[in-house]
Each structure stands twice: as structure tokens, then as C-alpha cells.
1. Can you tell me how many residues in segment 54-86 are in contact with a Ser or Thr (Cβ under 8 Å, 6 or more places away or on another chain) and open to solvent by 40 Å² or more (accessible area, probe 1.4 Å)?
2. Kindly provide the set of residues from segment 291-331 that are of a type in the set (A, V, I, L, M), free of Cβ contacts under 8 Å to residues at least 60 places away in the same chain and touching a helix residue (DSSP H, G or I) at 6+ places or on another chain (Cβ under 8 Å), ordered by number.
3. For segment 173-228, give me each residue that is free of Cβ contacts under 8 Å to residues at least 12 places away in the same chain and of a type in the set (Phe, Trp, Tyr).
4. The conditions are (1) crowded, with 21+ Cβ neighbours inside 10 Å; (2) away from the ligand (no atom under 16 Å from the Cβ); (3) within 15 Å of Tyr173 (Cα to Cα); (4) of a type in the set (Val, Ile, Thr), and Val219 fails exactly one of them. Which is it?
5. Among the candidates Lys328, Lys344, which residue alone is within 15 Å of the ligand (Cβ to nearest atom), open to solvent by less than 60 Å² (accessible area, probe 1.4 Å) and either farther than 28 Å from Asp301 by Cβ or in contact with a Pro (Cβ under 8 Å, 6 or more places away or on another chain) (or both)?
6. Restricting to segment 73-110, name every residue that is in contact with a helix residue (DSSP H, G or I) (Cβ under 8 Å, 6 or more places away or on another chain), free of Cβ contacts under 8 Å to residues at least 60 places away in the same chain and within 14 Å of the ligand (Cβ to nearest atom).
7. Just to check your reading of the model, which residue among Ile256, Ile233, Ile268 is among the β-branched types (Val, Ile, Thr), surrounded by 19 or more Cβ atoms within 10 Å (Cβ to Cβ) and within 16 Å of the ligand (Cβ to nearest atom)?
8. Pick out, from segment 117-206, the helices (runs of 4 or more DSSP H) lying fully within it that include 2 or more residues that are aromatic (Phe, Trp, Tyr) and closer than 29 Å to Asp217 by Cα.
Amino acid sequence: MLNRRSFIRNSALTAGVISLLKSNAIASLLGDQGLKDYFKDDFSVGTAIGTRTLFRNDTEMLDLIAREFNAITTENALKWGPVHPNEKKWNFDVPDKFIEFAQKHKMYTQGHVLVWHSQVPRDLFVAENGTQISKDALLKRMENHISKLVNRYKGKIHSWDVINESITPEDGYRKSKWFEIIGPEFMERAFHLAHETDPDCHLLYNDYSMDNQKRRDFVVELVNKYKKKGVPIHGVGLQGHLNLDTPDLKEWEKSIEAIAATGMRVHITELDVDVLPYDWGRTSEVSTNIEYAKTLNPYVDGLPQNIQDKFTKRYEEIFKLFLKHRDKIDRVTFWGTSDDGSWKNNFPVRGRTNYPLLFDREHKRKDAYFAVKNLKQ
Ligand code: GLA
């Protein structure tokens, strides 16, 4: 017979069992399916994987990535600084783990990045005598870097970001050390070298704020020039570091259309949506003005419902746009996987609490995830 105490204990157990069953049911309803499955007829869905995840073999995160994504990029490990910190030293441990993971799960593998002005060794542009390196010597360094790296992962890295962020709306070509020392042909040379080393590899130019009309026009002009000259370029990466209200997606759409019209494939390479306020004109006041600093980091204890809703809606609109242009887009890659690991917690202000991705700090799917998924049902 059931006395009161065992009844209470049993009901508590039952409630526990029911909630467990419920969460199992939800999990099994979702099964092993992830974003890669919902969008399988549209484009690949990718994520940038952090060095720590690979290095520490974070199995919880690796399993999540394997369930959700079919494309993968290294967040930092293949950048010049980390992978080739000086002329004689190469760090292949993490990139090798990345390739192993990608191959195990049959993922599309994006190499990021061959030539960029940032995250390079401090002495890359310096000659042995301490002066600025000559054009020929820098070209040699670039050749050595590209041929060794592309060759090592030949047939395993399916696509490389050959050039990153080398165009600015103000100046056309960014006045980087690459440009200053070699001239604009450093870009063409890099594409040729990558292509000569791995002729089957898909080669991209990658940049941010591609909604900007001047940058868009310059990229389109560049691609057309390259096509005429036979420079092997196959696609353009639109990074996709977006905010809640900006940019206007219509401007971004114009870039997707204009790039595709040149015959290039479109890749969305670094998607995230920053929810925090920021005033570029007032940056310098952050350390001195406590009130201002608080307004920059307002959601330390969680995101208010109205902002969450706005965020969800924003992702829904973004993915609607991608689906509309699915014939032009090969891949949509998020810059990171879950909010806790996002670079957006530290940029453009360090130490904030941001919420830019589809997985929260406990690695659970957010409402925005389901909104995006539901576009396919
Ligand atoms: C740029 C680069 C990326 C990364 C992000 C910020 O978009 O292309 O490699 O550094 O900035 O993390």
C-alpha cells in the first residue's frame, strides 16, 4: 500500500522521470540532426573552431560541432603568426588535429588565412639588419609560406582564404606592409602560388563590411580584372560580423548579387550578431567614464526578452536572405560556436558579456536557432 511519504517520494520521482523523459523526447526528436541537415539542400553550414577546443580535445564541444556543422574553419591556428611564428618554425600540431577532426566527420574544410596584414609575426616585414625587408625578400617569404602550407594540406583543405581584408572603402587597396613593400600584385601572386600548389583548391578573397558600396564596387572591379588576367580566384567571402540593427541587409544583398554576377561563388565566412551598444566615436572614454563603461556592457546578468526577440528576428531575416540566394551561396560559417567562446566578448571592448551566436553559454540552442531551423519546415 502506498503511504503518504512514499506517495510524495514516488510523485517526486515521477515528476523527475517525466521531466527527464520530456527532455529525452525533445533530444530524440531533434535526434542527431543539426543545422547541416536542415540546410543540406541549400548550402554548407560551418563554424570556426578555436585552438583550445582542438588542443584540449573538448569532446562536448567537438560532439556538438560534429552534430551541427558540415564545414569547419580554424579560428586562429592557420593564421601566419600562430602557424609560422618565425622563418624556421612551424606549429602544425593544432592544424593537424583540425584536419583529422574534419576528415573523420567528412567536413568541408576552409583554410584561414594565407595573407593578411594582422596576426603576423612581428619581424615578418623586417630584414636581418633590422631595416624594412626588400620586395624580393618579402615575396620569397610569402612564396615559402604559401607553398609549404598549401602543400601540407593539399587535397585536405578544400578552400583557402588567400587574401583577407586588403581593400578599404576609403583607399581601395589597404595600405598595409604587403601593399607598401610589394605593391598590389602581392594579391595576384598569392592566388597564383596557392593555385600552382593545389590546382583543385577553391580560392577566396575575404573581407568585412561588404555591405559598403565602395568596397563592393572595388571587389567587383578587382574580380573582373583578375578574370581577364587569368588570376585563379573562385569566390568571395563576406565575413558577416553584423549588429542587431546594422548593416541594412538590403545593402548586403546587393553585394551577394553583384559578386555572384561576376561568376564568383559567395561564402558567408564569419557570421555573428553583436547585441551590445558601441559608439566608435567615444572609445577613448571607456576607462575614465564608469557610467559610459556600464552602458557598454548592459547585459552581464542575461539578455532581456525584448533584445532576445530582436536577435531572433535578426537571425531569421539573415537566413531568409541566404535562402533566397541559395543558388549563389556555397557556405554559411559562424565565427565561433557558442556565446562563451566568441571573440565578441572582447571586441571592440574587452571583458563584456555578448550573445552573438546560436548556442548559449551552456551550449544550448537558443530561440534564434529554432527560428532559423523553422525556416526549413
Ligand atoms: C577578422 C578575421 C578573423 C578574426 C576576426 C575576429 O574578421 O578575418 O580571422 O580575427 O576578425 O576574431
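The values are calculated or read from the model by the stated rules, or taken from the named source; none is laboratory data. Bear in mind the structure is a predicted one, so any value in this text is a computation, not a measurement. Neighbour counts run over all protein chains shown; Cβ positions are idealised from the backbone, glycine included. Calculation scope for accessible area: heavy atoms of the full protein, side chains included, ligands and nucleic acids excluded. Shrake-Rupley method; radii C 1.70, N 1.55, O 1.52, S 1.80 Å.
1. 3
2. Leu303, the sole residue that qualifies.
3. Passing the criteria: only Tyr173.
4. Status for Val219: all satisfied but (2).
5. Values: Lys328 fails: within 15 Å of the ligand (Cβ to nearest atom).
Testing whether each residue is within 15 Å of the ligand (Cβ to nearest atom), open to solvent by less than 60 Å² (accessible area, probe 1.4 Å) and either farther than 28 Å from Asp301 by Cβ or in contact with a Pro (Cβ under 8 Å, 6 or more places away or on another chain) (or both) leaves just Lys344.
6. Thr74, Asn76, Ala77, Pro82
7. Only one candidate passes the filter, namely Ile268.
8. On the way: elements: 135-152, 177-182, 185-197.
So the answer is 177-182, 185-197.
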